Amino acid sequence: SKRKVFVTRPDVPAAGLNMLKERFDVSTWSEERPVPREELVKQVQGKDALFCMLTDKIDKELLDNAGKHLKVIGTMSVGYDHIDVAEVRSRGIRIGYTPDVLTDAVAELTIALLLATSRRLFEGHQQILDGKWSAWAPTWMCGVELKHSTVGIVGFGRIGQGVARRLNGFSVNRILYSGRYEKPEGKEIGATHVSFDDLVSESDFIIVTCALTPETKEMFNDAVFAKMKQNVIFINTSRGGVVDQPALQRALENRTILAAGLDVTTPEPLPPTHPLLQLKNCVIVPHIGSATTWTRGEMCILTARNIIAALDDKPMPAEVL
Ligand code: GLV
Ligand code: GLV
């Protein structure tokens, strides 16, 4: 009989979903919202593969409920902090993810968020709606410029490098990056490896594109914000968990830093009444880094290819090892 695949959303792009339907018995969660935990726990039983999202927590309890058949978990995301990787792999289950295909979309969104924050786009739009656009004015709505600035990138992976390449088009003065290792791409891109402390104290713009791990969890705390320049613009397109969010809120309220642009928050979704949303110097968008039609289609196809390869006992195009 056909092997069984459970997909945790009904609205995943068709091209990838059809690749799975051609070969397997595919069932999907019926609603366009995260599958409730108890339903996921129920549905994983007896499945050979799980096609999941970053909103699905894959942990010991879930795996205990899966039968012996479960061979692969394919997440339609590049981040896999929602998956207990050690626990999954200790059971011989393989994990697929979606690097590369989303790099450009996320890098573009990062630049968009950076400019929306530095040039106060949402605030300006709100000023119009509030009837406060009385006339062109010499110093009204002034922001800061990327040109001649120092930009620090925390997490110089594919996405961080993609951001750095794009920044070269803005005539920035220096691009710094931190991380355990100096990367060979740094030289070619014109980015300098420095310590995290130096990056924090020297940058005018700080962009976070690292993965959420035990080492990066809440690495941006009160002490780190205090070391930043007062005109810093802080951008996060990685995971909300890398930031101690109350500390960021204090830094914005006290003008320890100038502004922040966030694609990711804690929690997600952020409630509309959240105090961060009341701050004029905080721009927030709803975790849409990879949200272009092309990229989401490719992410779905890659997730399907990962699952097919694993069920065929073949090398996966993108496996978490
Ligand atoms: C999005 O945040 C992803 O990890 O793909
Ligand atoms: C992953 O986080 C990447 O930078 O591609």
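The numbers here are math on the coordinates, done by the rules we state, and not lab data. Being a predicted model, the structure only gives us computed values, none of them experimental. Because the Cβ atoms are built from the backbone with ideal geometry, glycine has one as well, and the counts that use them run over all protein chains shown.
Scan segment 32-90 for GluC sites (Glu not before Pro) in coil per DSSP, keeping those whose Cβ has at most 12 other Cβ atoms within 10 Å, and list them by number.
Details: sites: Glu32, Glu38, Glu39, Glu61, Glu87; in loops: Glu32.
In loop regions of segment 32-90 (DSSP not H, G, I, E or B), the sparsely surrounded GluC sites (Glu not before Pro) are Glu32.
Output the 0 to 90 degree angle, nearest 10, between the alpha-carbon long axis of helix 103-118 and the longest principal axis computed from the alpha carbons of the chain.
That works out to roughly 30 degrees.
If I take all pairs of Cα atoms in the chain, what percentage of them are more than 29 Å from each other? Spell out each step's value before the answer.
Values: 21874 of 51360 pairs.
Value for the chain (Cα pairs over 29 Å): 43 percent.
How big is segment 103-284 in terms of Cα radius of gyration and Dmax, in angstroms?
Cα only, segment 103-284: 16.0, 52 Å (Rg, Dmax).
Roughly speaking, what is the centre-to-centre gap between segment 271-321 and segment 127-171 when only Cα atoms are used, to the nearest Å?
So the separation of the two Cα centres works out to 24 Å.
Please return the longest range in the chain lying between exposed loop sites, taking chymotrypsin sites (Phe, Trp or Tyr not before Pro), DSSP loop only, at most 11 other beta-carbon atoms within 10 Å, and leaving the sites out. Kindly include the intermediate steps, with their values, before the conclusion.
Working: sites that count: Trp136, Tyr181.
Between the exposed loop sites, the longest stretch runs 182-321.
Past 29 Å, Cα to Cα, is the threshold; run Lys60/Lys314; Lys60/Lys227; Lys147/Lys217; Lys147/Lys280; Lys57/Lys183 against it and keep the listed order. List each step's numbers first, then the result.
On the way: Lys60/Lys314 25 Å; Lys60/Lys227 39 Å; Lys147/Lys217 31 Å; Lys147/Lys280 23 Å; Lys57/Lys183 32 Å.
Check vs 29 Å cut-off fails for Lys60/Lys227; Lys147/Lys217; Lys57/Lys183.
What do you get for the angle between helix 158-167 and the principal long axis of the chain? Use alpha-carbon atoms, 0 to 90 degrees, nearest ten.
So the helix axis and the longest Cα principal axis differ by about 30 degrees.
Which residues make up the longest stretch of the chain that has no trypsin sites (Lys or Arg not before Pro) in a DSSP loop with at most 10 other Cβ atoms within 10 Å?
Longest site-free region, per DSSP loop and neighbour criteria: 181-321.
With both partners inside the chain, how many of the DSSP beta bridges are antiparallel, as a percent to the nearest 5?
Expressed as a percentage, antiparallel bridges in the chain total about 5.
So for segment 103-284, taking the charge dipole from beta-carbon charges (+1 Lys/Arg, -1 Asp/Glu), which of Gly143, Phe225, Tyr177 sits furthest toward the positive end?
Most positive-ward Cα: Gly143.
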